[in-house]
Each structure stands twice: as structure tokens, then as C-alpha cells.
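S.K.: Here it is, the structure in full.
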Amino acid sequence: SVGVREIAVNTDLPMNVSAGEKHWSQVCRASERLNLATVDISSRLSIQQLFAFISQSMSLKVIADAVDDKAHQKRQTLPEYYGTWYLEETKSKEAAFASESQMVANVRYWLRIATNAKHEAKDTKTASNKGEKKGEQKRGDVMSKEKQDESLKLLSCLPRLKVFAKFLALEADGGAEVAHLPLDALNLYLALLVKIQKGKIELFPENCERVSVKTSIVLEAIDYVFFRIKSHERMKIRNELQHDVSHGKVEVDLDQALAWLLDRYMQNVFHTVDDRLSSLFVAHDKDG
């Protein structure tokens, strides 16, 4: 594994980069030197462990945001949050750095596995459409049922993993297209989640599990979070979500719906950021 003293300072960064950004760049570089498939396998999380970590992190981040709001402090980005959290947990800069690097390495590792599984599933579907028989497949290409089940689970949660990687500002890796998402997008994401889950502390299951929610609940969350947007614009988003994501069904995949809304947000479909994103816990009746 890689320790702090083995990481060279990134001299390619612009002069105006903050200390936090410089630190995170070094964390990401250290993570690239970890090989979770072989020599650093002891640092590798299972799929279930990684998604439990994501679930717990999102819940704790909501609480941290509420504390920051009460103290009139700016909320932290996810990299800033983990920098603080790991330092408080380990009481050591070196141990915190190592933990951050291992966490990023795990996200990248499973993102790469999931992306490859997605390509394999697409190739299998293409071969099936061409009428190839199962017997024509090479023996080495046939996955065990256990691996197939694991792959399907991971694919069902790929949108959640990709969004998490975007909030971590990770570079594209292993063919996975990952664009950075800013702090206001994270605020939006958490505001929607809290509203959809009706204030429950557990925003996601603590495992790699697909989550379906009623489409009507997502629509209510859109109305709540974006209540300041003109009604016809909000109605357009509601209609498009029902057409493009839920396809008119009663239930919708939560991760797909959130990823879609974030994508629309980043495309400037939502022209006004709701003031309530500064606080996830403002009572709705206060806004009239």
C-alpha cells in the first residue's frame, strides 16, 4: 500500500488551487497506485461494504450540513467532508490520507468492474440478437451464477455509484465517463433524497440493492425543492421525467430518477437554484 511520504507533490496544479484541492489531487494520485485486484487486496471492500459506506456517508453528510447551516458556515464538498471526517476518525494525518486513498481506490475499482459488466451485458445482448447459441460461447466466457448475480446487482446500482464518483470529483477511469458535480448539485441531490425518504435517516439501503419508489413521491419532491421555479417549467420537468424515466409507471428506479434530475440540472434546465437548498430541514409550511 501507499503511505503519505511516498506521494510526490503535484507540481502540475495551477497556482490558484486551494490546499484542499491540492490534498485531494494527491489522494487521487495515491489511489491510482493501489492495486486492489492483487497486492492490495486486503484494502478492497466488498460490493456490499462499499454501498453500506455510501449509504452511511450520505446520511452523515445531511447531518453535517444541518450543523454547518446552524453555524452559518459554508457546506463542504464531499472531498472536503471526507478529509475532515477521516482526520477526526484516525487522529492522524497519515492514517487519514491512507484511508481516503483506499476509499477512492475502492470506488474506482468497483466503478471499473461495473462499467465492464455493463459492456459485457451489452455484448451478450447483441450476440443473442444475432442468434448465437449459448453452446457457441467460449467456456471461459461463461460466468458462474454467483458472479452473474453479483454483476446484475452491481449494474442495478451503477447510477448510484457513478453519481457518488462525480461528487468525489474523480477523473474518468477504465472507460467510465465521470463528470464532476459541484456543491450545489450535491445540495440538490440530498434535498431530493431527504424529501423522497420523508426525513428518514437511512437515505439508501446499506447494501447494493436497487431502490424503487412511487413516481408520485419523486414528483412531490420536485415540486417541493423547486417551488420557486415557474410552474410551467416545473411541469415540463415532471412530464419529461414520467416520459423518459418512469415511462408512465407507478414506480420508478430512485437512482435513475436522481441521476436524470442531476443531469437536467447541470444542463441548466433549472434556471434558479431553490433558496431552500441552504437548509434541508426548513418546514414546508414556512414557505407558504
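S.K.: Report the extension gain between Lys236 and Arg112 in nm, rounded to one decimal, defined as 0.36 nm multiplied by the number of residues separating them, less their alpha carbon distance.
M.R.: Separation in residues times 0.36 nm, less the Cα-Cα distance, equals 41.2 nm.
S.K.: May I pose another question? Quick one: P(r) of segment 164-258 from all Cα-Cα pairs, 10 Å bins, percents rounded to integers, in order of increasing distance.
M.R.: P(r) for segment 164-258, in whole percents per bin: 14, 40, 37, 8, 0.
S.K.: Here is a further query. Could you give each residue of segment 224-233 its phi-based ³J(HN,Hα) in whole Hz, using Karplus coefficients 6.51, -1.76, 1.60 with θ = phi - 60°, and x for Gly or Pro?
M.R.: 6, 6, 10, 5, 7, 6, 4, 4, 5, 6
S.K.: While we're here: Taking amide H atoms as placed 1.01 Å from N in the peptide plane, list the residues 5 or more away in sequence, or in a different chain, whose amide H sits under 5 Å from that of Glu251.
M.R.: Thr215
S.K.: Another question, then. Hey, can you grab everything whose amide H is under 5 Å from the amide H of Ser212? Only 5+ residues off in sequence or another chain; H modelled, so Pro and N-termini drop out.
M.R.: Residues meeting the criterion, in which the H sits 1.01 Å from N, are Leu254.
S.K.: Right, something else. Mind running the shape call on segment 73-122? Use the C-alpha gyration tensor, a ≥ b ≥ c as the square roots of the eigenvalues: rounded below 1.5 for a/c, prolate if a/b tops b/c, oblate otherwise.
M.R.: Oblate, since a/c reaches 1.5 and b/c is not below a/b.
S.K.: May I ask you to order 19-31, 82-94 by the average number of other C-beta atoms within 10 Å around their residues, highest value first?
M.R.: 19-31, 82-94
S.K.: Can you compute the FRET efficiency between Ser46 and Val213 using 1/(1 + (r/R0)^6), with r the Cβ-Cβ distance and R0 = 25 Å? Round to the nearest 0.05.
M.R.: The formula returns an efficiency of 0.45 here.
S.K.: Determine, from the Cβ-Cβ distance of Glu251 and Gln56 and an R0 of 22 Å, the FRET efficiency 1/(1 + (r/R0)^6), rounded to the nearest 0.05.
M.R.: 0.30
S.K.: Here's something else I'd like to know. Which of rounded, prolate or oblate describes segment 47-98 when judged by the alpha-carbon gyration tensor and an a/c cut-off of 1.5?
M.R.: Oblate shape, in that a/c is at least 1.5 and b/c is the bigger or equal ratio.
S.K.: On to the next question. Given H placed on each backbone N at 1.01 Å, which residues far from Leu203 in sequence or on other chains put an amide H within less than 5 Å of it?
M.R.: Residues meeting the criterion, in which the H sits 1.01 Å from N, are Ser59.
No lab work stands behind these numbers, since they all come straight from the coordinates. Quantities reported herein were computed from a predicted structural model and do not represent experimental measurements. Cβ coordinates were reconstructed from backbone atoms using ideal geometry, including for glycine residues, and neighbour counts include every protein chain displayed.
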